[in-house]
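A short write-up of the structure that comes next.
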Amino acid sequence: MDPYRVLGVSPNASDDEVKKAYRELARKYHPDNYVNNPLADLAQEKMKEINEAYDQITKQRASGSSSGGYQNTYSSGSYTQNTGSPAFARVRQLIMAGNLDAAEQELTASADHGAEWHFLMGSVYLRRGWYDEARRYFQNACSMDPNNMEYRMALQNMNQTSAYYNQNRGVSNGGGFCDVCSSLLVADCCCECMGGDLIPCC
Amino acid sequence: MFGYVRPYKPEMKVREFESFRAMYCGLCHTLKARYGFGSRMLLSYDMCFMALLMSGVTSCGIKTCYKRCVVSPFRKRACINENLALDFAADCSVILTYWKLRDSAHDEKGMRAMTARFTAWLLKRKYRKASAQLPAFAGAVEQGIRRLDELERENTPSLDRAADAFAAMMKKAAVGIAEEKVRRPVEQILYHVGRWVYITDAWDDLQDDLKSGSYNAIIARFEVKTPEGMAEAREAVRLTLLQSAQTAAAASELLDLGRSEPIVKNILYMGLPAMAESVMEGTTKQRSSRHGSI
């Protein structure tokens, strides 16, 4: 495979152009864009191809010195942590393996309908692309156990779209103004620590 | 079909728009060539998207010619012809419209049911021809419409379950793609665009269904009782639509779409969100032409 074709640049492209093309592609196939997506394996393959192509080009050009591109790990959602009952540990494994029907069966058979049950049910629906159901179950899990970070993260992810998607549809993610405000406040606090004051009223 | 799946024109290059229109004209001419003059009524943006997607992944030869037609009788327009993807999209249009008509003949009352029954009868022979071409898809659509009918009668409170019946039948259109690495992303695009279309259509019909009291997946899910009650459902529906569009867009990045690529990406990244916004603002129905056929 021609590495230049993989990156979509001409063999005469400058180092910067190659790097730019590589960065753009790496952002496109970044694991963050394929979280809980059944096609994550295909995206991972693409990523590997791009990394190899970039490595090959940099090696050819620098004759020997490897640069080692982005090291991305496609952990497809970590469903292995903080599990209460052993039955749910099995369900988590089934979800990880992509065996959603079996996971759903085990969950329906389970008598324990606690926060974790709702979270796992939501995870099954999320993998299926049933986003409305997933959000509903994550909401239940969060209201039953508001302090659990895993459930809160899952719900938060349902309430937004990825930065890559937003950028391509011409919507920016940033609350730029808020950032300015909060950094000013932080700066003020720092100044006050040092004995000075940036914002006199607070 | 519905006519919701369109590109967002302000972000299109002129040559992309020309090539989109050539595909649209091509589909219209293909419908006429395969199914006779009246079948042009089946033309829709949704099936034009299907043609673009399939033409992209199969990279079948594209021939452009210039033709006059009823809409543009004086100036010849660029038009794609002899494309397998267009034949495929034309067959799909006939199959989907036929079952949609059969369904309305069953659900509606009075004059509307009569019209639907009559049109379905007119389409019957064309449907036989189309379903002989795509037996698996025709079977899936029949099954999908039946399943939807069941769910409607149960008055299912799950928006996703209803949308899934529709989306799963659209996904079956990809069944003929042999290579797995291509088929899976195409299936995901069709599933999520199908889900998006179903939910968008449910929102579009919300006011009418509230008045008439017929089944509507959004009313059932959010227990909307008055037009004012829609506000609560709005944000949730907006999000879920965006998520489907995003999943379809992510799948499109894994495909080599050839000449269709910029148009398909425009539709998935910008066309769908813009259309959803316009449906939710209620500005689509005022436009006279929805190009959704029948």
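Checking the structure you have, find out if any residue of the range B:29-39 is assigned to a helix (DSSP H, G or I) and closer than 30 Å to B:S214 by Cα.
So far as the range B:29-39 goes, yes, one or more of its residues are assigned to a helix (DSSP H, G or I) and closer than 30 Å to B:S214 by Cα.
Might you check whether a residue that is hydroxyl-bearing (S, T, Y) and in a helix (DSSP H, G or I) occurs anywhere in the range A:134-142?
Checked the range A:134-142: at least one residue is hydroxyl-bearing (S, T, Y) and in a helix (DSSP H, G or I).
Which residues, counting only those in the range B:239-277, are closer than 15 Å to B:Y198 by Cβ and not hydrophobic (A, V, I, L, M, F, W, C)?
B:T240, B:Q243, B:S244, B:T247
Among the residues of the range B:1-58, count how many are among the charged types (D, E, K, R), under 27 Å from B:R125 (Cβ atoms) and either open to solvent by 20 Å² or more (accessible area, probe 1.4 Å) or at pLDDT below 90 (or both).
3
Checking B:A220 against (1) modelled with pLDDT under 95; (2) within 13 Å of another protein chain (Cβ to nearest Cβ); (3) open to solvent by less than 10 Å² (accessible area, probe 1.4 Å): exactly one of these is not met. Which one?
Single failed check for B:A220: (3).
Would you point out the residue of the range A:149-164, among those that are within 12 Å of chain B (Cβ to nearest Cβ) and more than 13 Å from the chain's Cα centre (by Cα), that is most open to solvent (accessible area, probe 1.4 Å)?
A:N159
Checking B:A85 against (1) touching a Ser or Thr at 6+ places or on another chain (Cβ under 9 Å); (2) open to solvent by 30 Å² or more (accessible area, probe 1.4 Å); (3) closer than 23 Å to B:L257 by Cα: exactly one of these is not met. Which one?
B:A85 satisfies all of (1) touching a Ser or Thr at 6+ places or on another chain (Cβ under 9 Å); (2) open to solvent by 30 Å² or more (accessible area, probe 1.4 Å); (3) closer than 23 Å to B:L257 by Cα except (2).
Considering only the range A:1-18, state which residues are surrounded by 14 or more Cβ atoms within 10 Å (Cβ to Cβ) and touching a Ser or Thr at 6+ places or on another chain (Cβ under 9 Å).
A:Y4, A:V18
If I filter the range B:162-205 down to residues being in a helix (DSSP H, G or I), charged (D, E, K, R) and farther than 23 Å from A:A43 by Cα, which single residue comes out as nearest to the other protein chains (Cβ to nearest Cβ)?
That would be B:D164.
From the list A:M194, A:M158, A:M149, A:M153, which one is more than 15 Å from B:T240 (Cα to Cα) and modelled with pLDDT under 90?
Every option except A:M194 fails the conditions.
When residues of the range B:251-282 are filtered for being at the interface with chain A (Cβ under 10 Å from one of its Cβ atoms) and free of Cβ contacts under 8 Å to residues at least 24 places away in the same chain, how many remain?
2
So, in the range B:59-82, exactly how many residues are surrounded by fewer than 15 Cβ atoms within 10 Å (Cβ to Cβ) and under 23 Å from B:E187 (Cα atoms)?
2
How about the range B:234-257: which of its residues are under 16 Å from B:F49 (Cα atoms) and of a type in the set (A, V, I, L, M, F, W, C)?
B:A245, B:A248, B:A249, B:A251, B:L255, B:L257
Looking only at residues in the range B:251-268 that are part of a helix (DSSP H, G or I) and open to solvent by less than 10 Å² (accessible area, probe 1.4 Å), which one is farthest from B:C48 (Cα to Cα)?
B:A251
In the set B:A136, B:A113, B:A130, which member is open to solvent by less than 30 Å² (accessible area, probe 1.4 Å) and touching a residue at least 12 places away in the same chain (Cβ under 8 Å)?
B:A130
For B:E142, only one of the following conditions fails: (1) part of a helix (DSSP H, G or I); (2) within 11 Å of another protein chain (Cβ to nearest Cβ). What is its number?
(2)
Those residues that are surrounded by fewer than 23 Cβ atoms within 10 Å (Cβ to Cβ) and touching a helix residue (DSSP H, G or I) at 6+ places or on another chain (Cβ under 8 Å), I need them from the range B:172-184; list them, please.
Residues satisfying the conditions are B:K172, B:A174, B:V175, B:G176, B:I177, B:K181, B:V182, B:R183, B:R184.
Can you report the number of residues in the range B:195-241 which are in contact with a Lys or Arg (Cβ under 8 Å, 6 or more places away or on another chain) and within 18 Å of A:A134 (Cα to Cα)?
Of the residues in the range B:195-241, 4 are in contact with a Lys or Arg (Cβ under 8 Å, 6 or more places away or on another chain) and within 18 Å of A:A134 (Cα to Cα).
B:E232 is checked against (1) part of a helix (DSSP H, G or I); (2) farther than 21 Å from A:N36 by Cβ; (3) at pLDDT 85 or above and fails just one. What number does that condition carry?
Tallying (1) part of a helix (DSSP H, G or I); (2) farther than 21 Å from A:N36 by Cβ; (3) at pLDDT 85 or above, B:E232 fails exactly one: (3).
The values are calculated or read from the model by the stated rules, or taken from the named source; none is laboratory data. Keep in mind the model is a prediction, meaning the values are calculated, not measured. Because the Cβ atoms are built from the backbone with ideal geometry, glycine has one as well, and the counts that use them run over all protein chains shown. Each accessible area value is taken on the protein alone, full model and side chains, heavy atoms only, with ligands, DNA and RNA left out. Shrake-Rupley method; radii C 1.70, N 1.55, O 1.52, S 1.80 Å.
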